[in-house]
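**Student:** One structure, as C-alpha cells, below. Some questions next.
The values are calculated or read from the model by the stated rules, or taken from the named source; none is laboratory data. In this text, all values refer to a predicted model and were calculated from it rather than measured experimentally. With ideal geometry, Cβ positions are generated from the backbone for all residues, glycine too; neighbour counts draw on all protein chains shown.
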Amino acid sequence: MLKKIKNFFLELLAFTTKRAKVIDISVILIALRIIPPEKIGSYCIFKNFIFPFVFKTCPTKGLFVGCNCPACGLTRATSQALHGNFNEAWNLNKLIAIVLPFLLIILGINLFSLLKSKHLK
C-alpha cells in the first residue's frame, strides 16, 4: 500500500504519464484560480521553490543580468487571467498569450486520451 502511494507521488513529480499531467496541470490551475491574485504577490515560484531543489540560486540570475527572466510574472499573469483580468495578465507577462493556451491544450489532449482509454492509469 505504501509503495503504491510512493509510486503515485513519484509519478506526479515526474510529470511523465497522462494521468500525472492531467492532475498536475489541473491542481496548478485550480490553485491559481482559487488564490486571489493579490495574495500571490511578487513571489517567484521558480526562484524560491522549484530551483532551490536543483540549484543553489536562481540560474537565470546570471543569464539575465540587468533584466528580468522571461518567465518573471508568469505565475501572477496566469492567476490574473484565470480571474478574468486579461489586461493585467498581459501587462505582467506577454508570454501568457502562449503559455496559458498551451497548458489548456496539453490538459485537454491528455484528459481526452485518458477518457478515451476509459481508465485512469
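**Student:** Output the residue which, of all residues in the range 90-121 that are in contact with a Ser or Thr (Cβ under 7 Å, 6 or more places away or on another chain) and closer than 20 Å to Glu38 by Cα, is surrounded by the fewest Cβ atoms within 10 Å (Cβ to Cβ).
**Tutor:** This residue is Leu100.
Condition check ((1) modelled with pLDDT of 65 or more; (2) not polar (S, T, N, Q)) across all residues:
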residue: Asn48; (1), (2): no, no
residue: Val65; (1), (2): no, yes
residue: His83; (1), (2): yes, yes
residue: Leu95; (1), (2): yes, yes
residue: Val99; (1), (2): yes, yes
residue: Phe112; (1), (2): yes, yes
residue: Leu115; (1), (2): yes, yes
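**Student:** Sticking with this one: For the subset of the range 73-88 comprising residues that are over 13 Å from the mean Cα position of the chain (by Cα) and over 13 Å from Arg33 (Cβ atoms), which member is surrounded by the fewest Cβ atoms within 10 Å (Cβ to Cβ)?
**Tutor:** Asn87
**Student:** Taking the range 1-46 as the search range and keeping residues that are aromatic (Phe, Trp, Tyr) and assigned to a helix (DSSP H, G or I), which one is modelled with the lowest pLDDT?
**Tutor:** Kept after step one, since they are aromatic (Phe, Trp, Tyr), are these residues of the range 1-46: 8-9, 15, 43, 46.
So of that shortlist, the ones also assigned to a helix (DSSP H, G or I) come out as 8-9, 46.
Working: Phe8: 80, Phe9: 76, Phe46: 62.
Across the range 1-46, the extreme among qualifying residues is Phe46.
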